[in-house]
Amino acid sequence: MSDPIKVFKAKMIRTMARNTPEATHVAVRDGRILAVGSEADCATWGDIVVDTRFEDKVLMPGFVEAHGHAMEGTVWNDLFLGYFKRTAPDGSIEGGLKDIEAVVARLQAHEATMTDPDAPLIAWGFDPIYFDGARMSREHLDRVSTTRPILVTHASFHLINVNTLVLERADMLGQTNVEGILRDADGQITGELQEMAAMSMAARAVGATGALRGIDAANLRTFGKAAVNAGVTTSADLHQSMTDEVVAAYQTATAEADFPVRMVPALGAIQWSVKDGIERALALKKQGNDKLHLGLVKIMTDGSIQGFTGRLKWPGYHNGAPNGLWNLPPASLKEMVKAYSAAGLQMHLHVNGDQASEFIIDVLTEALTEHPFPDHRHTLQHCQMADAAQFAKMKALGISANLFANHIFYWGEQHYALTMGPDRARRMDACGTALAHGVQMSIHSDVPVTPLNPLFTAWCAANRITSAGRVLGPQECIPVEEALKAVTSGAAYQLKLDHLVGTIEVGKFADFAVLDSDPLSVDAIDLRKVKVLGTVLGGEWQPSNVPADQGYAPDVMLPDVLELA
Amino acid sequence: MTGGAIIPVTVIGGFLGSGKTTLVNRILGASRSRTAVLVNDFGEINVDAALIRSDDGLTMELSGGCICCSMAEGIGPAIFRAIESNPDEILIEASGVGEPRRVAEFALLDRRLKLDMVITLANAVELSAQLDDPLIGDTVARQFDGADLVVLNHVDAASPAQMATARAALRRIAPGRAIAETSRAELPLELLSATTLSILSAPQSAPIAHDEVFFRTRLETHHSFERTAFEAALNALPATLLRLKGWVAIDGEPTVMLLQYVAGRWELTASDDPGSGTRLVGIATAADLPLARLLGAETVAL
Ligand SMILES: [Zn+2]
Ligand SMILES: [Zn+2]
């Protein structure tokens, strides 16, 4: 006689499945869903024991983040200085610094807690675009310390600020004619550095390894905490070298019984020759375990729109900035994309600007004509500027879109004023157009670029409210139900894991997001207030690290929003 | 050279198919110094990289190394590793979409390095079509910013019409820069060699090669230069003068000084040369450069 079957009882179970969309009970055996429906439905399988801990809670399928980075597990080793509040993996709230003095005060407070007098103070997420043109200088940072190196990375990743000590150590104070060392109107070096040479020399001078830290098992465990806090039970890690060390770190972490999230790392094709990358990805496909799914491939094409490095079609950047950067010559990208597709490998293709997305759609047309690949599920990532014509082609080719909904809140105002102008800004991350064309779709955070929080991402797609409270392109807003599909079954499809996760259906992993209220019965504007209490992974409860009384992050000023909306 | 010496850096840029790897191989094939080479494997999808000789353990591949939406660290770590291998020179092949000017900033910033020369190659057959291509035109054009020498390569394969449009395009996107036309990136090694004084021992002859692309220019005079005026003259030399090297007599200095000038960047350092008088040799892309007049020694030369 086997053990009785565990059955979770909930106030409401939103299965996101066509079959039994609403339920009250879900039965679990061997980490998988055995039955979903009523208590009686579950009891048809034999003796049951009902777990009532969620009886006044709402269950959804665990959220799936189809475009995040496990680097979220490393960035919190450094101090976060963002304008909006953000939840750290340990559940504390950081950021929300509304002017430069607040940033300096936070740095001073952190400096006072550091015990090793020689350790550098490294910070990230500083975002002066909200500061009306005020800039941070080395005088600000010298007020924090003149004896400890300080390095602050901007949210855009294209600039850093350092204190005078770093300039001295990197031997930059006497420099002339170096574009990357910025000066004020009087020709004085401000401590703002840009361009890869100046930034990496400064990072080296303070012993900071910069953004490209490798991933280890401890970082993955930290990422796991962030996932639980956000209700995420499956996440892509959409650019990894996939060297032996990285694979070993993944195998170590995911083999641990209490590792709380299923990971889907993608091989960054740009870091391998085409031949070696294809061999590597094919070999990886045969490895993995229930919590580690390998074989995905990431292709980088252009840069970012807020960094003015995305590749745009006419008429280009609204402020006249020159067109952006390719990571490889287009002819080489074409060769690479065609080779991976011909090898039967699914690709996630980073395309921000509309020239990049158009180019990749054309390349995939050729690739899929020469070497048909049924059910390829190639996915355009970000795809922020695609218009109806591009979505129509994507539909015809069976290409998916993973749109960067969070951009509307975090950079929508910048797109409106600087990068796109009002008209194109209103149709960025066009979820409405994608759905109208029947394009298979998901939405993402690109964590750590923006916070991991699929309910917030769904709020962005449903409401399209910018940080200033502007509704940017109401015609592209999508219904809450579609936004929730995008962060569950839609994302699972794009990772080719929809047979295992993404809905609450018999046979799939027993992975749930545990919520304090029902996202399908609140107003769209309140979606972000639905609280994640934790997750269930393979039938095991994983409580959130966020204290029950914690406020909301990001700290959207809702009264202002409503007024402006 | 000793381990602590400042390492000259040559940066070679140009779009896919412009002949960067041919030039890298040419330099390596002839160089007698320990040259660390940073090649961009992924920009050229392995085809070119296979040609690069790699028998000295000093060849390093650059990874694209960018993460989503963020500024890449790019070649920084590879350059720092190259410095640690204590080479006599560093040669960097920028990626096919890279901007050589940005790569050169490393050499300007790191006091262990000095920028020798930035060379950007163009494909004479394809240049004007590349510039007209909305996908790549701006990328190709930006690669000429900051180039000390522009090499219009593959001229043997270009039709007269292609040559005319390529030359016109370079006048537009690289105005005022030294331009040399070659078929297989045949640049004179004394132009490329940053570490030797071979330029000084070469026999007197102009032009250097049979194709009248590079010209040697000499100045030998007993004129002693006033320092401030001489430095001002150096700063005003034309872009067609790529390299100028030798000894200069400066008023008030006990011995002649060593001048090392590359494309507008120069150093004047004390030397232990027992000779007297000014002896300079230059390489230029223009014939008959009036070196004596340009440096202010005209009166003596007369
Ligand atoms: Zn990306
Ligand atoms: Zn990303």
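Since every read-out is calculated from the coordinates, none of them should be taken as a lab result. All of these numbers come straight from a predicted model, not from anything done at the bench. Backbone-built Cβ (ideal geometry, glycine too); neighbour counts: all protein chains shown.
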- Would you mind calculating the relative contact order of the range B:214-295 from Cα pairs under 8 angstrom and at least 6 residues apart, reporting the percent as a whole number? 43 percent
- Ascending count of other beta-carbon atoms within 10 Å, so fewest first, for A:Leu284, A:Leu151: A:Leu284, A:Leu151
- Query: Assuming R0 = 56 Å, what is the FRET efficiency of A:Ala218 and A:Asp171, from their Cβ-Cβ distance, to the nearest 0.05?
  - Reply: 0.95
- Message: So if I take the centroid of the Cα atoms in the range A:290-347 and the same for the range A:146-201, what is the distance between those two points in Å?
- Response: 29 Å
- Note on the structure: In terms of the alpha carbon gyration tensor, root eigenvalues a ≥ b ≥ c, rounded if a/c is under 1.5 and otherwise prolate when a/b exceeds b/c or oblate, the range A:410-499 is prolate
- Task: Using the number of other C-beta atoms within 10 angstrom as an exposure proxy, rank A:Asp171, A:Asp258 with the fewest first.
- Result: A:Asp258, A:Asp171
- Kindly flag which residue pairs out of A:Lys334/A:Lys395; A:Lys6/A:Lys529; A:Lys285/A:Lys485; A:Lys286/A:Lys338; A:Lys298/B:Lys20 have an alpha-carbon separation exceeding 24 Å in this structure. A:Lys6/A:Lys529; A:Lys285/A:Lys485; A:Lys298/B:Lys20
- Task: Taking H placed 1.01 Å from N in the peptide plane, check which residues at least 5 places from A:Leu79 or on another chain put their amide H under 5 Å from its amide H.
- Result: A:Ile122, A:Ala123, A:Trp124
- Note on the structure: Note on the protein assembly as shown, DSSP bridge orientation, antiparallel percent to nearest 5 equals 50 percent
- Quick one: compute the contact order of the range A:72-212, relative version, from alpha carbon pairs under 8 angstrom and 6+ residues apart, as a percent. 19 percent
- Reported to two decimal places, what Rg/Rh ratio describes chain A when computed on Cα atoms with Rh from the Kirkwood expression? 0.97
- Task: Output the relative contact order of chain A, whole-number percent, from Cα pairs under 8 angstrom with separation of 6+ residues.
- Result: 17 percent
- Item | Sorted by Cβ density within 10 Å, fewest first, the residues A:Cys383, A:Cys42 | A:Cys42, A:Cys383
